[in-house]
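Working notes for the structure below.
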Amino acid sequence: MKLGAEYFSRASRLPAHLVQVWALIAGDYSTILGGAVDETTAGQFRGIQIDVIRRSTPGMSAANAFNTCVLLLSLWNTAFRPAALWWAAGALMIMLLMAGPILRPRRASSRELPVASRQTIWRVVRNSFLVGCLWGIAPILFYSGAPAQARFVIVCLCAGVVGGGAMALASVPAAVIALSVPLVSGSLFAIFRESGWDALLAAGLIACYGSFVVHMSISHALALVSRHASRIELERLARRDPLTDLPNLGAFRDEVARAEARLVNSGAGYSVLCIDIDQLRDINKRLGYAAGDRVLQMVAARLRETARVADVVARIEGDQFAVLVNQLAADATVRAYANRMQASLMAPYSLPGGEASLTASIGVSVARSVCGENHLRNATLALAAAQGNGRGQTHVYTIADGDGARARELLAADLCAAMHNGHLQLHYQPFLDIATGSLSGFEALLRWRHPLRGEIYPPDIIAVAEEQGLIEALGAWVLGEACRAAAGWPDTLRVAVNISPLQLRSRALSETVAAVLAASRLPARRLEIEVTENALIADQDLARHVLSSLRDTGVQLALDDFGTGFSSLNYLWSLPFDRIKIDRSFISESSHNPDAASIVRAILTLARDLRLDVTAEGVETARQLAFLREHGCADAQGYYIGKAMPETEAARFVESWSGRAAA
Ligand code: C2E
Ligand code: CA
Ligand code: CA
């Protein structure tokens, strides 16, 4: 970084000088240092400026209190006493306002660089302006008509506050200007109302002080910023990967810690992706290390382009990258995000020695509630699981990836017991027929409150069951429970049941379904089986066969989380689905993102042409529902209509809904 050299250079031209001064006042460090300064580094510069002020705040407050008392005393035996008392009360309030945010300790440790936001700087500027106005009003109110001694005290105090205040605030020139301009203007105004050489002298003195302190503050602040520039630059370098200029592992860990803090404070979930380039070693061997380095740089650039602005892309090891995805904590949506990353990395790389193409394995860990998990570690474990499935795979971390084998067996035993002791339950989330406003059914969703671990996320339950060979039993239990409950509902309502990818690989599934329908006496057309695209990828012929035999039992088939998968549309349309469920990420985005809105419209048109029913998932607002109604979507599900609820509550929900519709 070039260190504010122009300001100090005697040969500098005035415009360049003014640009630097203005940059300093506006907090534009890139212009001062002659190189790009990112927001984190700018925060550190601000932190250093504020730190100086913070340290002098107690002294400054004491001096202000003392000055206020002196002014009060000098006016005590004059007609100005009541006005002076009001003025002193105002001074007291401003002092309290100033002390609050500045005194609050902000540093985690003395070795860490302090950090301050733009807001903190502007708060200091605002407070300085208030102090400036207070002391600028004093001479206007009290100078004219005051006894000579009191006038002398007023001039001394105003000059003292400009000098002392500016010294304390010198590291933030904008604050010095905010303090001195109203103060000096007020003093000059009051003095110029008087005539005589003493008034002129006093005016000259205060004007000189004013301009001197502003000049001194600018030099001081520039020197301060320059002095710390090299330290901050070193810190920045220590946290970056020199090859790709991305944050390194240390910096990434800090970002994850910050995301975790946001989750604790505001409940904002996040996800961590660990991305491994499958073929880097081959490229190094075939085209040399320089080509390998170039590929890593291109991968870094593509990841940055694909990630959203608020996300953090880092290089954490040789051929491993990591992405922190803020505000994204739904499995299907994160999968879609990972798929976009995969797709962008798969496009060919043209290199001096030839062309290369590659695939990436991705491990994902989703942080949706505070549970003390290390999500970077989980994402690494998920990456290992993805790599175990072959190249170019994505795997989302589940409990089954983390704990030891013995612990997982115990959890599976608990799951088995839970099916029988009532700890495992189904909750039901309503579907709305948009055109008629009546209910069209419910989706059955698993709930397990483990006595020690608390609520377990449904996909985790499924993962444990799949790994421990319990999925058929669990799937049959879910089907049985859901059909038994649905048989008690009005005949117009359907029940939707989710089926895991492993269940779809078993030819016994259609037999289980037929047996459950017979036992519950639920008409087959009222049962809908929901399958995700990912379930269809592994063994497509088998999936097609199982789906067809399911169809033969008379049940309806729905394609879940539509739009987040990776399969070709041609292939999907050739399967015997009756319905698609548009993933909730498109619905939530559709309110503010025109691209998402046009995707939803396109899916609706396509489904109409192919005579498929459509359900829109994740409808959370009246506006989203109105948008879907306007574009002819028949069915909707989401918190706006109702959350998943226990069976008894669902029965009451049906009654109250039909009452509402009748009224
Ligand atoms: P899914 O099939 O996509 O189910 C919808 C999920 O979205 C549910 O989460 C539901 O509570 C949530 N949801 C519904 N409306 C809204 C909304 O308006 N906003 C938001 N933010 N979320 C909404 P849940 O119950 O945690 O289930 C998660 C996933 O677990 C399900 O996703 C499904 O894939 C799986 N799952 C649940 N029960 C079963 C089951 O019995 N068997 C199988 N194989 N999978 C299940
Ligand atoms: Ca579903
Ligand atoms: Ca879904």
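A few notes on this one:
- Annotation note: Cβ proximity below 6 Å between a residue of region 568-587 that is at pLDDT below 90 and a residue that is part of a helix (DSSP H, G or I) and within 15 Å of ligand 2 (Cβ to nearest atom) (sequence gap 6+ or interchain) occurs for S585/T333.
- Among residues of region 459-479 that are aromatic (F, W, Y) and within 11 Å of ligand 1 (Cβ to nearest atom), those with a beta-carbon under 6 Å from a residue that is part of a helix (DSSP H, G or I) and open to solvent by 10 Å² or more (accessible area, probe 1.4 Å) at least six positions away or on a different chain give the pairs W477/M419.
- Selection count, region 306-341, where residues are more than 26 Å from D282 (Cα to Cα), in a strand (DSSP E or B) and open to solvent by less than 10 Å² (accessible area, probe 1.4 Å): 2
- Test: residue in region 379-395 that is free of Cβ contacts under 8 Å to residues at least 24 places away in the same chain and over 24 Å from A336 (Cα atoms): no
- Of the residues making up region 488-509, those that are away from ligand 2 (no atom under 16 Å from the Cβ) and in contact with a strand residue (DSSP E or B) (Cβ under 9 Å, 6 or more places away or on another chain) are W489, P490, T492, L493, L509.
- Residue in region 184-204 that is closer than 28 Å to Y29 by Cα and open to solvent by 20 Å² or more (accessible area, probe 1.4 Å) present: no
- Filtering region 429-468 to residues that are acidic (D, E) and within 16 Å of ligand 2 (Cβ to nearest atom) leaves E443, D460.
- For region 229-245, the condition of being assigned to a helix (DSSP H, G or I), touching a Phe, Trp or Tyr at 6+ places or on another chain (Cβ under 9 Å), at pLDDT below 85 and open to solvent by less than 60 Å² (accessible area, probe 1.4 Å) holds for at least one residue.
- Among the residues making up region 356-391, a single one is open to solvent by less than 10 Å² (accessible area, probe 1.4 Å), among the small types (G, A, S) and more than 14 Å from L273 (Cα to Cα): A356.
- Residue count for region 95-133, restricted to those that are at pLDDT 80 or above, open to solvent by less than 50 Å² (accessible area, probe 1.4 Å) and within 18 Å of A168 (Cβ to Cβ): 10.
The values are calculated or read from the model by the stated rules, or taken from the named source; none is laboratory data. Just so it is clear, the structure is predicted and the values come from calculations on it, not from any experiment. So basically every Cβ, Gly included, is an ideal-geometry build from the backbone, and we count neighbours across all protein chains shown. Areas reflect the complete protein model, heavy atoms only, side chains present, ligands, DNA and RNA absent. Shrake-Rupley method; radii C 1.70, N 1.55, O 1.52, S 1.80 Å.
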